[in-house]
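K.L.:
The structure that follows is given in the form of structure tokens.
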2 protein chains.
Amino acid sequence: MSIRVVAKHNIKPEKRDEFIALMKQLVENTKKEDRGVINYGLYQDVKDPNVIAMLEEWESEEAIDEHLKKQHFLDLLPALRECMAGTSSFNNFKAV
Amino acid sequence: MSIRVVAKHNIKPEKRDEFIALMKQLVENTKKEDRGVINYGLYQDVKDPNVIAMLEEWESEEAIDEHLKKQHFLDLLPALRECMAGTSSFNNFKAV
């Protein structure tokens, strides 16, 4: 059964453009991964532009674990964290 | 551009089965609506079964507004709210 990930972040307004540029780079790199990713897209709340989410679908939890260990992802993390304000939320969902 | 909705709820553990049954009824009713719904599915967090989300895709914000006024939705709301614990979160997302 595929897993749907919702990774939601609150972004510092002055860092929003930088965050979006970095996340687009992450999307491009992730789509090149050799296995497991079904959908991986960047989204912005229609009411609050500082709420930005990655909405993802993966073949399995193992594929997500592999993704989170990828060097291209780890390399971007410090710069992404610099753009974030407050806490992010991460949920891995399965269909009911 | 389509709109992706993430509606995430924390559920009282003793009310979880009831909530899921009601939400499945909501899914069935919503899929019968005459316009606007692209995807509308019920999901559960893989780590915390008391976190349940509807992951949705709609043709437009107008279609979502119409859905939220539908009698079948309004009729279910009080019973759904009885099952919820704490605050829910609702986000309408557009692709970046």
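K.L.:
Can you compute the helix-only [θ] at 222 nm over chain A? Use -39500 (n - 2.57) per DSSP H run of at least 4 residues, normalise by all residues, nearest 500 deg cm²/dmol.
P.N.:
-12000 deg cm²/dmol
K.L.:
What's log10 of I(q)/I(0) for chain A at q = 0.15, 0.18, 0.20, 0.25 Å⁻¹, Debye sum over Cα points only, no solvent?
P.N.:
At q = 0.15, 0.18, 0.20, 0.25 Å⁻¹ the computed log10 ratios are -0.58, -0.83, -1.01, -1.44.
K.L.:
Determine ³J(HN,Hα), in whole Hz, for all residues of the stretch B:53-61 in sequence, where each value follows from phi through the Karplus function 6.51 cos²θ - 1.76 cosθ + 1.60 and θ = phi - 60°; x replaces Gly and Pro.
P.N.:
Karplus values, whole Hz, x for Gly and Pro: 10, 9, 10, 10, 9, 10, 5, 6, 5.
K.L.:
Quick one: pull the percent of accessible area on chain B belonging to carbon and sulfur, 1.4 Å probe, ligands and nucleic acids left out.
P.N.:
Carbon plus sulfur share of accessible area: 48 percent.
K.L.:
Which FRET efficiency value, to the nearest 0.05, do you get for A:Glu33 and B:Gln71 by plugging their Cβ-Cβ distance into 1/(1 + (r/R0)^6) with R0 = 45 Å?
P.N.:
For A:Glu33 and B:Gln71, the calculated efficiency is 0.50.
K.L.:
Could I ask something else about it? Given a 1.4 Å probe and no ligands, DNA or RNA in the count, how much accessible surface is buried by A and B, both sides, to the nearest 100 Å²?
P.N.:
2300 Å²
K.L.:
Now for a separate question. How much accessible area per residue does the protein assembly as shown have, in Å², with a 1.4 Å probe?
P.N.:
53 Å²
K.L.:
Gap in Å between the Cα centre of the stretch A:1-55 and the Cα centre of the stretch B:1-37?
P.N.:
With the stretch B:1-37 and the stretch A:1-55 each reduced to a Cα centre, they are spaced 24 Å.
K.L.:
If the viscosity is 1.306 mPa s and the temperature 10 °C, what translational diffusion coefficient in µm²/s does Stokes-Einstein give for the protein assembly as shown when Rh comes from Kirkwood over Cα pairs?
P.N.:
90 µm²/s
K.L.:
Count charges around A:Phe19 for me, please; just the other residues with Cβ under 11 Å from its Cβ, Lys/Arg as +1, Asp/Glu as -1.
P.N.:
Combined, the nearby Lys, Arg, Asp and Glu give +1.
K.L.:
Can you pull the mean other chain C-beta count within 10 Å for peptide B:51-61?
P.N.:
2
K.L.:
Given the rotation that superposes chain A on chain B, what residue of A brings its beta carbon nearest the axis, and what is the distance in Å?
P.N.:
Chain A residue with minimal Cβ-axis distance: A:Val6, 3.
K.L.:
In addition: What are the distances, in nm and sorted shortest first, from the label point of B:Gly41 to the label points of the same position in each other copy, with each label point placed 7 Å from Cα along the Cα-to-Cβ direction?
P.N.:
So the distances to the same position in the other copies read 1.3 nm.
The values are calculated or read from the model by the stated rules, or taken from the named source; none is laboratory data. None of these values were measured; they are calculated from a predicted model. Cβ coordinates were reconstructed from backbone atoms using ideal geometry, including for glycine residues, and neighbour counts include every protein chain displayed. Quick note on the areas: whole protein, heavy atoms, side chains included, nothing else; ligands and nucleic acids left out. Shrake-Rupley method; radii C 1.70, N 1.55, O 1.52, S 1.80 Å.
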